[in-house]
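Just below is one structure, and these are the notes that go with it.
A short reminder: the numbers here are calculations on the coordinates, not readings from a lab. What you see is a predicted model; the values in this text were computed from it and never measured. Using ideal geometry, Cβ is built from the backbone for each residue, glycine included, and neighbour counts are taken over all protein chains shown.
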Amino acid sequence: MTTVTNLGFPRMGAKRELKQALEAFWRGEVSPQQLQDTARHLRERHWRLQREAGAEVVPCNDFSLYDHVLDTAFLFDAIPDRYRVLADADALAGYFALARGTQRDGFDLQALEMTKWFDTNYHYLVPELTQGQVFRLRGDKPVAEFLEAKALGLQARPVLLGPVSFLLLSKTVDGSDRLALLDRLLPVYVELLGKLKQAGAEWVQIDEPCLVLDQDGDDHDAYRKAYAAFAAAGRPRLLLTTYFGATGDNLALVNTLPVDGLHIDLVRAPGQLDAVLDALPPERVLSLGLVDGRNIWRTDLDRAMALARRVQDRIGNRRMQLAPSCSLLHVPVDAALETALPSDLRSWLAFARQKLEELRLLSHALKGLMPAYTELDRAREVIEARRASGKVHRAEVAARVAAIDGSAVRRHSGYPARQRAQQARLKLPLFPTTTIGSFPQTRDVREARARHKSGKLPVEGYDAFIAAETERCVRFQEALGIDVLVHGEFERNDMVEYFGEQLDGFAFTRHGWVQSYGSRCVKPPIIYGDVQRPAPMTVRWSQYAQSLTERPMKGMLTGPVTVLQWSFVRDDQPRSVTCRQIALALRDEVLDLEAAGIGVIQIDEPALREGLPLRRQDWRAYLDWAVECFRITSAGVADDTQIHTHMCYSEFNDIIDAVVAMDADVISIETSRSRMELLDAFVKFHYPNQIGPGVYDIHSPRVPDVGEMVALLRKARAVLKPEQLWVNPDCGLKTRGWPETHAALQAMVEAARILRYEATVTA
Ligand code: GLN
Ligand code: ZN
């Protein structure tokens, strides 16, 4: 019989109960036992919820107190030596030290490096391995959670991160080959699978998401070896699970692996179905990822049904399972809680619970159960209503997007002419100093905003507060002698939400939280309709700030790609189209800022790189439209208006040609932690425009001294022309306090002066 299954469920709880418990635990307010109790209650609640929503197979070991990759490393005892004493003495303390560092009880340990989980906004901790790595089972989390479900009368399917993906997502700290560790790792997997079998597990979901990436011959050898080692008896049946894309050129390999089932993502990659079916080994179960685990829209059930019918015709019900495309970790729990949204919009949404209900409906319909058809009709009406809604489609917006032509994406003159015009207007010294935008968002600022939002602080009072903070910030920068000022961004809660709230086509949920890392959750805006800007969004505060000073005031905007990337996006048109709409709205904002006398405008694109598709063959197309959107936003200004952009990372080797093509007059990037090494790409490719390589790390309260910053700047000057260089921190200062900000910026301005002096004596 066609079975409805799930691959993973959000861990936090609909009201972020896990977040609260974790943070209370870290503050020392709840005991380890209380934390574990909360975790257990959440697991139980979520299993029941999934069963009630229609999942016949529920996952276990998908839960984590922080991160499932860290859990895997911990389980296999892949713990770097420096954490070992603590982890042996107190497992939970050791686990959290790996996750977030610790400075307690005489320990001073930094957290493991964190990075993005494929192309999601979830971050995992990167396991650190060494050549001599010894793996062994530490604890029995997957078995314990399986037994916990069993005690509740549920036959759960444990989820394990597969051995090859685990190694590929890890790093070695001694330059040795990760995959060479496979021989040492496999016996531990075999032992674990044996234990799960003994505990009564019939199936195990073994995730190998790296199978949707470009994999080379060595990777393929590793999969072959790993799954051959699992072929021996004494283990549960294995569902090899792929998601986030097509198996593509890895499919032939996948077909040779001795597993019992295969899960494929038919939302991201419906096109792979025929190839998968044509070569599906006899008896292999096929799990169809039919509802979108990455987005919040109701499924077009007719389309899903058509795919499922094709499979049914070929392999019959017995070998077929219905599932979300990937773990539901990436969506919120329950759309029914969003009672504040307009009811039509709410009816278009499906969060984790609704997605499982959709799968149940599909399964009923496939079995030919009559009541399912009336429900299907209703679902179809909702999809139709969304398709036809006047809230979604605005003819003017479509017309404007269609009319974008070459002239909209080209500045009037090339960079050299612009540079001259800007210098004539701005008259900046060599090595001009600036900051990335935000200044400390202190408790006062957050409290004032919260009071304003809840209606306790009327708008006049709030505005007066923001004006006072802004003025203080301007005077602060003037006193330090910074050259290009910012207003401080005190009026902004979040760099995407602030714009989304002022644009048509965006909606905001109350409980739509998604885990970003550890206890940190984000509530992405929902872009449901054509995007338009009813009125200027930032002009007022920028203009006010400019009125306070003779120095140039930089206008601050979040770029179109970043707004897109950090939102739940429409699934009824290509991302590129939505991005162009946002770009046009921001273009109008740029022109309004310019008309209001703002001569320097920064368009932040910290998410540009993370939007890169998983497969290299798709990069070009993405970068082309991403760059085009940045240019739509920025290219309308006069030559003497200076466009800046900012990106908070520095791995540019892969995308440097796209960064050049953005043609910002100035780009600021993070480079201090890599000691300027990451400037390489800009040097190698003869980056033609100006660049501000961050001279100090804003992620740490540590105040750098003048000498350090001078040393970094000299390194940059050695490889770039002095006229190209700006002096700025790595990123915005909103998480810092005022005293350290003062000390660090004072030192930064001094460092710039020293570089200027050196330029005059060597000239
Ligand atoms: N202008 C933003 C700030 O300073 C940029 C933030 C970011 O790069 N993520 O806060
Ligand atoms: Zn940044």
Checklist entry - Put +1 on the Cβ of each Lys and Arg and -1 on the Cβ of each Asp and Glu in the stretch 596-666; which of 634, 661, 613 then has its Cα farthest toward the positive end of the dipole? => result 613
Checklist outcome for this item: Low-density loop chymotrypsin sites (Phe, Trp or Tyr not before Pro), the stretch 453-513, at most 16 other Cβ within 10 Å, DSSP non-H/G/I/E/B, are 508
Checklist entry - Out of 160, 149, 741, whose Cα points farthest toward the positive end of the dipole of the chain (charges: +1 Lys, Arg; -1 Asp, Glu; placed on Cβ)? => result 149
Next on the checklist: Using the Cα centre of the stretch 148-196 as the reference point, and only Cβ charges (+1 on K/R, -1 on D/E), how large is the resulting charge dipole? Debye, rounded to the nearest 20.
Outcome noted: 180 debye
Checklist outcome for this item: Here Rg/Rh (Cα, Kirkwood) for the chain equals 0.97
Item to check | Least to most buried among 148, 550 (fewest other Cβ within 10 Å first) | outcome: 550, 148
Item to check | Net dipole in debye of the stretch 405-492 [+1 Lys, Arg Cβ; -1 Asp, Glu Cβ; about Cα centre; nearest 20] | outcome: 300 debye
Checklist entry - About the Cα centre of the chain, what is the dipole size in debye to 20, counting +1 per Lys and Arg Cβ and -1 per Asp and Glu Cβ, all else neutral? => result 900 debye
Checklist entry - If you plug each phi of the stretch 733-739 into the Karplus form 6.51 cos²θ - 1.76 cosθ + 1.60 with θ = phi - 60°, what whole-Hz ³J(HN,Hα) values come out, in order, with x for Gly and Pro? => result 9, 5, 8, 8, x, 5, x
Next on the checklist: I'd like to compare 572-583, 415-426: which one has the highest average count of other Cβ atoms within 10 Å, and what's the full order after that?
Outcome noted: 572-583, 415-426
Checklist entry - Taking square-rooted eigenvalues a ≥ b ≥ c of the alpha carbon gyration tensor, is the stretch 373-470 rounded, prolate or oblate, where a/c under 1.5 means rounded and, failing that, a/b exceeding b/c means prolate? => result oblate
Item to check | the stretch 70-111, relative contact order in percent, only Cα pairs under 8 angstrom and at least six apart counted | outcome: 27 percent
Item to check | the chain: angle of helix 17-26 to the longest principal axis, Cα-based, in degrees nearest 10 | outcome: 70 degrees
Item to check | Part-to-part distance (alpha-carbon centres) for the stretch 370-392 and the stretch 474-535, which is given in Å | outcome: 33 Å
Checklist outcome for this item: The helix 459-480 Cα axis meets the longest alpha-carbon principal axis of the chain at an angle in degrees, between 0 and 90 and rounded to 10, of 60 degrees
Next on the checklist: Quick check on the exposure proxy: order 344, 483, 71 from fewest to most C-beta atoms within 10 angstrom.
Outcome noted: 344, 483, 71
Next on the checklist: Taking amide H atoms as placed 1.01 Å from N in the peptide plane, list the residues 5 or more away in sequence, or in a different chain, whose amide H sits under 5 Å from that of residue 692.
Outcome noted: 667, 668, 669, 726
Next on the checklist: Skipping prolines and chain starts, which residues have an amide H placed within reach, meaning under 5 Å, of the one on residue 531, given they are 5 or more residues away or on another chain?
Outcome noted: none
Next on the checklist: Quick check on the stretch 506-564: take the gyration tensor over C-alpha atoms, sort the square-rooted eigenvalues as a ≥ b ≥ c, and tell me if it's rounded (a/c under 1.5), prolate or oblate.
Outcome noted: prolate
Item to check | Between 0 and 90°, nearest 10: helix 706-719 axis offset from the chain longest Cα axis | outcome: 90 degrees
Next on the checklist: Let me see the P(r) profile for the stretch 209-260: every Cα-Cα distance counted, bins of 10 Å, each bin given as a percent of all pairs.
Outcome noted: 24, 56, 19, 1
Next on the checklist: Roughly how far apart, in whole Å, are the Cα centres of the stretch 89-167 and the stretch 318-349?
Outcome noted: 27 Å
Checklist outcome for this item: Quick note, the stretch 615-679: a/c under 1.5 would make it rounded; otherwise a/b > b/c is prolate and the rest oblate (a ≥ b ≥ c, C-alpha gyration tensor); here it is oblate
Next on the checklist: With θ taken as phi - 60° and the coefficients 6.51, -1.76 and 1.60, list the Karplus ³J(HN,Hα) couplings across the stretch 508-517 in order, rounded to whole Hz; mark glycine and proline as x.
Outcome noted: 10, 8, 8, 10, x, 7, 10, 5, 9, 7
Checklist outcome for this item: Taking the alpha-carbon centre of each part, the distance from the stretch 664-742 to the stretch 408-449 in Å is 15 Å
Checklist entry - Percentage of Cα-Cα pair distances in the stretch 602-725 greater than 25 Å, rounded to whole percent? => result 27 percent
Item to check | Relative contact order for the chain, counting Cα pairs under 8 Å that sit 6 or more residues apart, in percent | outcome: 11 percent
Checklist entry - Can you run phi through the Karplus equation (6.51, -1.76, 1.60; θ = phi - 60°) for the stretch 202-216 and list ³J(HN,Hα) in whole Hz, with x for Gly and Pro? => result 8, 10, 10, 8, 10, 7, 10, x, 5, 5, 9, 9, 5, 10, 9
Checklist entry - List the trypsin sites (Lys or Arg not before Pro) in the stretch 680-763 that DSSP assigns to loop (not H, G, I, E or B) and whose Cβ has at most 16 other Cβ atoms within 10 Å. Which are they? => result 702
Checklist outcome for this item: Sorting 751, 645, 21 by the position of each Cα along the dipole of the chain (Lys, Arg +1; Asp, Glu -1; all at Cβ), the one nearest the positive end of that ordering is 21
